[in-house]
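Undergrad: What follows is a single structure, and I will ask about it in a moment.
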Amino acid sequence: MSTNTIATLNADWQQQYPTYLNAFQTGQLSYVPNLLPQIAVQFSVYQTLDILQKRLGTDLLRRALDPQQTIASPRLGQPSGRWLRQSNMVGVNVRTIGSFWNVVNYTLTLPACHDSIHLLPIWEPGVVGSLYGMVSWQINPEFYSVDLARFIPTLDTVDKQLKVVTNLLHALGRTVGMDVIPHTDRFSEMALIHPALFEWVHRDGHRLVDHSENVYRHVEEVIWQFLHQHGTADGSPITYSKSVFFSTQIPLLSDEQRHLILFGRPGDYSGRLQRRLDLIKHLTNQGFETLPMTMAPPYRGLHIVPDDFITDEFGQVWYQYSFDQPQPFSRVFGPLARYKFYHSLNDNRDWQLDFGRPNRAAWEYICRKVHACQQQFNFDFMRGDMAHVQLRPDGVPPTPDTFYDPLRTIKHYVQQQGTPHFGFFAETFLAPPDTMAYGDEVAHLEAIDADSTLGDLQSMVVGSAVFNEQLATYLTLAETKSFSPNFTVMTADKDDPRFDEFYRTGNTFRYFVSLFLPQLPSYVGLGFEVRNRHLERGANEEYTKLYVFRISDESQTDKVTHGPFMWGQDAGQFTAVQLIRSFAEAHWSDFANQPVVWRQKPAIHEGVGLSLAWQLGTFLFTATVGDVPAYLDDATATGELLLDVDECRVYRVNV
């Protein structure tokens, strides 16, 4: 058991930091050892650049800091995204560290075996500041670093800073991924400029009076009236027809021009917001709004709950929708609207979709937009948000076509446009059939050509019966299917006070197995290395989930945050993680490409614990948690013990 505290770790850093930095700067190590993340993100721009110059050299650093240049991906030349099946990914909610620039500082704490960085949504957010409620395709301005712009004045936009950050992460050997989100804020700029790409309804108070296929045409007319009554946002004359303005097929106006006309300059955030709020009020006063996004069967068939509504800070009334025939996992996401990927049957009389009639304009639009973003910032992979959505009641079709799933189509589109290594990390939880989606989720993952999937190990107590069973299932899937489930340690979604029980025990086991078991890729969220054990609920500011949105309403006591994210203080967990990382750094090349030889696989029993053992070349790994005996055999008795931390051990043995 470590006797370290955050104070002693801080003191050690103050005394030894020249030695630790030198190990990284001279290439002895791929990361800065013993560097607490809360210290790293406080580095000055000058200090970070000095470290990077010594590590990368002047020429590479100069090129990386030029947003007009592109540093090649470490995976450039790969024929597909299958490399994600062996990736050890770290997820970063940029809001918790303040800026894109701080992603570089945080990455200094990560050894090279953490080869991929997933950035949670990077776009301008809408209602309650939800990162997953895109309001535009503009990069989120809150992730702009004033300090970086002061030091390097040419990096004077958030777009330039993001490009430089992806350049630097590539130079440091990391791949970088973005979230791809098949939905937006209910009244996003996209929905207002392209009503035909979304599903609209007409209500009279709390009654839905029209949810037919073509409500969007009435919406276009109302927006057109608004444009004539209030004028264009950029002051330009209206010299085009309504059909030209709203068409996705007539190229007389670019998408950028439409945004300028309706909302104004991209950098005028307050002006664009006010214009959008005025337009929202204009629409809702006449009863028009987008249909909220749903999750899980039956997906369709909604009504408004008359006495369930809120009035926001702008005086806007928002009614809650509910299912006519809900199932256990059914959920309505009030602030979000999904793209209208399919036309309806019978004018949507029975809320049924016609999967033989895709809304091609929506597919083409989101493919173009995602590809443009991927090209601009040189992203290597996408996390497909809500990839578990499968709307067909009959399940996965025998031969999925181009319009089976939008995330599948986006992946293939980006690859075919010249980035074949572009990977697809799918957000699914491998739920049982017909629970979170129609049909079998495993078949769906193969049908959408996912390379890896998140899985659900982060939602279980390590060593419980359900954890052991799921781990055994994931190993079988990795051996037999075209995708690999992740050994997920923690995500931003699960760093939430409701799920504290999952992380009170077994954290070293989680991290050790996730890193050293190559049969499964891994995923861990920023902050896990110092996360408090939370035997009692912590302050809201200690949970990264509560920074996925931005709640300032004091009445929402479980979600409201005051000030920045507060790093954990678990020095013992940080010390254990450092020991594991140090061993990985020293020996990774010795076992990284060795086949897995199992000595003891997960046992499905009553869930009192778990003991695993596997061999990679001459290295035997054992990991134990709970009230079960550790793995022992002749090899452990005679082998050389190389690492021993919290019942997780590595031996050097004779093959």
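The values are calculated or read from the model by the stated rules, or taken from the named source; none is laboratory data. Please read all numbers here as calculations on a predicted model, not as lab measurements. All Cβ positions, glycine included, derive from the backbone under ideal geometry; neighbour counts span all protein chains shown.
Undergrad: Mind checking which residues of segment 171-183 are over 19 Å from the mean Cα position of the chain (by Cα) and not aliphatic (A, V, I, L, M)?
TA: Step one: of segment 171-183, the residues over 19 Å from the mean Cα position of the chain (by Cα) are 171-173.
Across segment 171-183, the qualifying residue is only Gly173.
Undergrad: Oh, and also: List the pairs whose first member sits in segment 524-548 and is over 21 Å from Gly126 (Cα atoms) and without any contact (Cβ under 8 Å) to a residue 24 or more places away in the chain, whose second member is not basic (Lys, Arg) and not in a loop (DSSP other than H, G, I, E, B), and whose Cβ atoms are under 9 Å apart, counting only residues at least 6 apart or on separate chains?
TA: Glu536/Asp500
Undergrad: Report, by residue number, each residue of segment 368-388 that is more than 16 Å from the chain's Cα centre (by Cα), in a helix (DSSP H, G or I) and not small (Gly, Ala, Ser).
TA: We begin by selecting, within segment 368-388, every residue more than 16 Å from the chain's Cα centre (by Cα); these are 368-369, 371-372, 375-378.
Remaining after also requiring in a helix (DSSP H, G or I): 368-369, 371-372, 375-377.
Arg368, Lys369, His371, Gln375, Gln376, Phe377 - these are the residues of segment 368-388 that are more than 16 Å from the chain's Cα centre (by Cα), in a helix (DSSP H, G or I) and not small (Gly, Ala, Ser).
Undergrad: Right, something else. Is it the case that Tyr651 is within 25 Å of Phe467 (Cα to Cα), among the aromatic types (Phe, Trp, Tyr), without any contact (Cβ under 8 Å) to a residue 40 or more places away in the chain and surrounded by 15 or more Cβ atoms within 10 Å (Cβ to Cβ)? Break it down stepwise before answering.
TA: Values: within 25 Å of Phe467 (Cα to Cα): no; among the aromatic types (Phe, Trp, Tyr): yes; without any contact (Cβ under 8 Å) to a residue 40 or more places away in the chain: yes; surrounded by 15 or more Cβ atoms within 10 Å (Cβ to Cβ): yes.
No, not satisfied.
Undergrad: I've got another one for you. Residue under question is His259, and the condition is that it be under 23 Å from Glu124 (Cβ atoms) and surrounded by 17 or more Cβ atoms within 10 Å (Cβ to Cβ); does it hold? Steps first, answer last, please.
TA: Values: under 23 Å from Glu124 (Cβ atoms): yes; surrounded by 17 or more Cβ atoms within 10 Å (Cβ to Cβ): yes.
Answer is yes for this residue.
Undergrad: Being over 30 Å from the mean Cα position of the chain (by Cα), surrounded by fewer than 18 Cβ atoms within 10 Å (Cβ to Cβ), farther than 24 Å from Pro564 by Cα and not charged (D, E, K, R) is the requirement here; does Thr26 meet it?
TA: yes
Undergrad: Still on this structure, please answer the following. Quick check: is even one residue across segment 297-306 of a type in the set (Ser, Thr, Tyr), closer than 30 Å to His343 by Cβ and assigned to a loop (DSSP other than H, G, I, E, B)? It would help to see each step written out before you state the result.
TA: Kept after step one, since they are of a type in the set (Ser, Thr, Tyr), are these residues of segment 297-306: 299.
Add one more test, that the residue is closer than 30 Å to His343 by Cβ, and what stays is 299.
Next, from what is left, pick out any that are assigned to a loop (DSSP other than H, G, I, E, B): 299.
For segment 297-306, residues of a type in the set (Ser, Thr, Tyr), closer than 30 Å to His343 by Cβ and assigned to a loop (DSSP other than H, G, I, E, B): present.
Undergrad: Additional query: Return the pair list, or none, for Cβ contacts closer than 8 Å from residues in segment 15-34 that are touching a residue at least 24 places away in the same chain (Cβ under 8 Å) to residues that are of a type in the set (Lys, Arg) and surrounded by fewer than 19 Cβ atoms within 10 Å (Cβ to Cβ), at least 6 apart or on different chains.
TA: Gln25/Lys54; Thr26/Lys54
Undergrad: Just wondering, is there one or more residues in segment 406-417 that are among the hydroxyl-bearing types (Ser, Thr, Tyr), modelled with pLDDT of 95 or more and in a loop (DSSP other than H, G, I, E, B)? Even if it seems obvious, please write down each step before you answer.
TA: As a first pass, look at segment 406-417 and keep what is among the hydroxyl-bearing types (Ser, Thr, Tyr): 409, 413.
Right, trim to modelled with pLDDT of 95 or more and you get 409, 413.
Still in the running and in a loop (DSSP other than H, G, I, E, B): none.
Among the residues of segment 406-417, not one is among the hydroxyl-bearing types (Ser, Thr, Tyr), modelled with pLDDT of 95 or more and in a loop (DSSP other than H, G, I, E, B), which makes the answer no.
Undergrad: Go through (1) surrounded by fewer than 18 Cβ atoms within 10 Å (Cβ to Cβ); (2) more than 30 Å from Thr505 (Cβ to Cβ) and name the single condition Arg55 misses.
TA: Answer for Arg55: the failing condition is (1).
Undergrad: List the residue pairs whose Cβ atoms are under 7 Å apart, where the first residue sits in segment 362-378 and is farther than 18 Å from Phe424 by Cβ, the second is among the aliphatic types (A, V, I, L, M) and assigned to a helix (DSSP H, G or I), and the two are 6 or more positions apart or on different chains.
TA: Within 7 Å, the pairs are Ala362/Leu197; Tyr365/Leu197.
Undergrad: Right, something else. Go through (1) under 23 Å from Ile39 (Cβ atoms); (2) of a type outside the set (A, V, I, L, M, F, W, C); (3) touching a residue at least 40 places away in the same chain (Cβ under 8 Å) for Gln53 and report which single condition fails.
TA: Single failed check for Gln53: (3).
Undergrad: Based on this model, can you work out whether Leu227 counts as in a helix (DSSP H, G or I), over 26 Å from Thr311 (Cβ atoms) and either at pLDDT 95 or above or under 33 Å from the mean Cα position of the chain (by Cα) (or both)?
TA: On the way: in a helix (DSSP H, G or I): yes; over 26 Å from Thr311 (Cβ atoms): yes; either at pLDDT 95 or above or under 33 Å from the mean Cα position of the chain (by Cα) (or both): yes.
Spelling it out, Leu227 is indeed in a helix (DSSP H, G or I), over 26 Å from Thr311 (Cβ atoms) and either at pLDDT 95 or above or under 33 Å from the mean Cα position of the chain (by Cα) (or both).
Undergrad: Across segment 598-627, which residue is surrounded by the most Cβ atoms within 10 Å (Cβ to Cβ) among those that are among the β-branched types (Val, Ile, Thr) and without any contact (Cβ under 8 Å) to a residue 40 or more places away in the chain? Reasoning before the result, please.
TA: Going through segment 598-627, the residues among the β-branched types (Val, Ile, Thr) turn out to be 604, 608, 618, 622, 624-625.
Okay, now just the ones that are also without any contact (Cβ under 8 Å) to a residue 40 or more places away in the chain, so 618, 622.
Working: Thr618: 15, Thr622: 24.
Among them, the one singled out is Thr622.
Undergrad: List the strands (runs of 3 or more DSSP E) that sit entirely inside segment 553-655 and contain at least 2 residues that are among the hydroxyl-bearing types (Ser, Thr, Tyr). Reasoning before the result, please.
TA: On the way: elements: 596-600, 609-616, 619-626, 640-645, 648-652.
Correct list: 619-626.
Undergrad: Among the aliphatic types (A, V, I, L, M) and either over 28 Å from Lys369 (Cα atoms) or in contact with a Lys or Arg (Cβ under 6 Å, 6 or more places away or on another chain) (or both), is that true of Leu407? Break it down into steps so the answer makes sense when it comes.
TA: Values: among the aliphatic types (A, V, I, L, M): yes; either over 28 Å from Lys369 (Cα atoms) or in contact with a Lys or Arg (Cβ under 6 Å, 6 or more places away or on another chain) (or both): no.
No, not satisfied.
Undergrad: Next up: Pull up segment 215-224, narrow it to residues that are within 20 Å of Gln257 (Cβ to Cβ) and either without any contact (Cβ under 8 Å) to a residue 60 or more places away in the chain or of a type in the set (Asp, Glu) (or both), then point me to the one that is surrounded by the most Cβ atoms within 10 Å (Cβ to Cβ).
TA: Restricting to residues being within 20 Å of Gln257 (Cβ to Cβ) and either without any contact (Cβ under 8 Å) to a residue 60 or more places away in the chain or of a type in the set (Asp, Glu) (or both), the top hit is Glu220.
Undergrad: Based on what the data block shows, is Leu61 under 30 Å from Asn10 (Cα atoms), surrounded by fewer than 20 Cβ atoms within 10 Å (Cβ to Cβ) and either in contact with a helix residue (DSSP H, G or I) (Cβ under 6 Å, 6 or more places away or on another chain) or of a type in the set (S, T, N, Q) (or both)? If you could, list the steps in order and put the result at the bottom.
TA: Values: under 30 Å from Asn10 (Cα atoms): yes; surrounded by fewer than 20 Cβ atoms within 10 Å (Cβ to Cβ): yes; either in contact with a helix residue (DSSP H, G or I) (Cβ under 6 Å, 6 or more places away or on another chain) or of a type in the set (S, T, N, Q) (or both): yes.
Here the answer is yes, as Leu61 does meet what is asked.
Undergrad: Do we find that Pro195 is crowded, with 20+ Cβ neighbours inside 10 Å and touching a residue at least 60 places away in the same chain (Cβ under 8 Å) in this structure? Don't jump to the end; show me each part of the working.
TA: Working: crowded, with 20+ Cβ neighbours inside 10 Å: yes; touching a residue at least 60 places away in the same chain (Cβ under 8 Å): no.
Here the answer is no, as Pro195 does not meet what is asked.
Undergrad: Which numbered condition trips up Ser30, out of (1) touching a Cys at 6+ places or on another chain (Cβ under 9 Å); (2) closer than 22 Å to Phe151 by Cα?
TA: Result: Ser30 passes all but (2).
So that you can scan it fast, the table gives a plain yes or no per residue for (1) over 30 Å from Gln416 (Cβ atoms); (2) buried (at least 18 other Cβ atoms within 10 Å of the Cβ):
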| site | (1), (2) |
| --- | --- |
| Pro306 | yes, no |
| Val332 | yes, no |
| Leu353 | no, yes |
| Arg357 | no, no |
| Asn378 | no, yes |
| Met382 | no, yes |
| Val389 | no, yes |
| Pro393 | yes, no |
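Undergrad: Being outside any helix (DSSP H, G or I), without any contact (Cβ under 8 Å) to a residue 24 or more places away in the chain and either in contact with a helix residue (DSSP H, G or I) (Cβ under 6 Å, 6 or more places away or on another chain) or not aromatic (Phe, Trp, Tyr) (or both) is true for just one of Gln47, Gln68. Which residue is that?
TA: Details: Gln47 fails: outside any helix (DSSP H, G or I).
One residue alone meets the criteria, Gln68.
Undergrad: While we're looking at this one, here's another question. Taking the options Val209, Val176, name whichever one is crowded, with 20+ Cβ neighbours inside 10 Å and of a type outside the set (Lys, Arg).
TA: Working: Val209 fails: crowded, with 20+ Cβ neighbours inside 10 Å.
None of the other options fit; the residue is Val176.
Undergrad: Quick check, is Phe429 touching a residue at least 24 places away in the same chain (Cβ under 8 Å), out of contact with any His (no Cβ under 6 Å at 6 or more places or on another chain) and assigned to a strand (DSSP E or B)? Let's see the steps before the verdict.
TA: Details: touching a residue at least 24 places away in the same chain (Cβ under 8 Å): yes; out of contact with any His (no Cβ under 6 Å at 6 or more places or on another chain): yes; assigned to a strand (DSSP E or B): no.
In short, no.
Undergrad: What number goes with the only condition from (1) in contact with a strand residue (DSSP E or B) (Cβ under 7 Å, 6 or more places away or on another chain); (2) closer than 22 Å to Asp179 by Cα that Pro518 does not pass?
TA: (2)
Undergrad: Filter segment 313-361 down to the residues that are under 27 Å from Asn285 (Cα atoms) and of a type in the set (Gly, Ala, Ser), then identify the one that is farthest from the chain's Cα centre (by Cα).
TA: Gly315
Undergrad: Here is a follow-up. Take the residues in segment 463-494 that are at pLDDT below 95 and closer than 23 Å to Leu526 by Cβ; name whichever of them is surrounded by the fewest Cβ atoms within 10 Å (Cβ to Cβ).
TA: The qualifying residue surrounded by the fewest Cβ atoms within 10 Å (Cβ to Cβ) is Asp493.
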